[in-house]
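So the structure is just underneath, and the comments pick up after that.
The values are calculated or read from the model by the stated rules, or taken from the named source; none is laboratory data. Note that the structure is a prediction, hence the values are computed from the model and not measured. In this analysis, Cβ positions are derived from the backbone assuming ideal geometry, glycine residues included, and neighbour counts consider all displayed protein chains.
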Amino acid sequence: MQIAIIDGRGGKLGAALTEEVLKRFPQDDILAVGINDAAAEQMRKTGAKRCASGENPVLVACRTADLLLGSMELVLADSMLGEVTPRMAKAVSESGAMRILVPMHLEGIAVAGVKETSASELVQDAVQKAERWKKGLPV
């Protein structure tokens, strides 16, 4: 199974997700995709062996991954201070992969039903949802 972790800005969320995914799914093909080089480097530092950065790797990951993890901003064109291009947002939105999106860094957007939660709790919840999905359980 291919698991793609996508992040931008400084890559802190992507690094945290990568670290947890590598621990829990060591047998899977993990692809860390940074929207920028800094994000890709942060994910590489946590142990990701396959890393790429830029718009085209995001588009390819959206076509090939079975599971995508990242910020909810990935489906919002021009988010992450403009790093998420409209093509990236469309690719994530239309991906056939299971997408587990973490609601953080949403500037100017409030998501109803979402409580304030620490970043580490959000990462744990995202990876637990991935485990449930891999087992065929409801997420």
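Annotations
- Complete set of residues in the range 57-88 that are over 12 Å from the mean Cα position of the chain (by Cα) and either within 10 Å of VAL33 (Cβ to Cβ) or among the hydrophobic types (A, V, I, L, M, F, W, C) (or both): PRO57, LEU59, VAL60, LEU76, ALA77, MET80, LEU81, VAL84, MET88
- Within the range 22-48, residues that are over 11 Å from GLY10 (Cβ atoms) and β-branched (Val, Ile, Thr) have Cβ atoms under 7 Å from residues that are part of a strand (DSSP E or B) and at pLDDT below 95 in no pair, counting only partners at least 6 apart in sequence or on another chain.
- Counting the residues of the range 1-21 that are without any contact (Cβ under 8 Å) to a residue 60 or more places away in the chain and among the charged types (D, E, K, R) gives 1.
- Hits in the range 83-113 - residues which are modelled with pLDDT of 95 or more and in a loop (DSSP other than H, G, I, E, B): GLU83, VAL84, THR85, SER95, GLY96, ALA97
- Within the range 38-55, the set of residues being among the small types (Gly, Ala, Ser) and assigned to a helix (DSSP H, G or I) comprises ALA38, ALA39, ALA40.
- Within the range 19-37, the set of residues being part of a helix (DSSP H, G or I) and within 23 Å of GLY82 (Cα to Cα) comprises just one member, ASP37.
- Hey, LEU74 assigned to a helix (DSSP H, G or I) and either touching a residue at least 40 places away in the same chain (Cβ under 8 Å) or crowded, with 18+ Cβ neighbours inside 10 Å (or both) or not: yes
- The residues in the range 23-56 that are crowded, with 19+ Cβ neighbours inside 10 Å, of a type outside the set (A, V, I, L, M) and within 19 Å of VAL92 (Cα to Cα) can be counted, and the count is 3.
- Here LYS129, LYS90 are screened, and the one residue that is under 22 Å from LEU59 (Cβ atoms), out of contact with any Phe, Trp or Tyr (no Cβ under 7 Å at 6 or more places or on another chain) and among the basic types (Lys, Arg) is LYS90.
- Residue match in the range 6-22 (condition: surrounded by fewer than 18 Cβ atoms within 10 Å (Cβ to Cβ) and either hydrophobic (A, V, I, L, M, F, W, C) or under 10 Å from the mean Cα position of the chain (by Cα) (or both)): no
- Looking at GLY96, GLY113, just one residue is at positive phi and not polar (S, T, N, Q), and that residue is GLY113.
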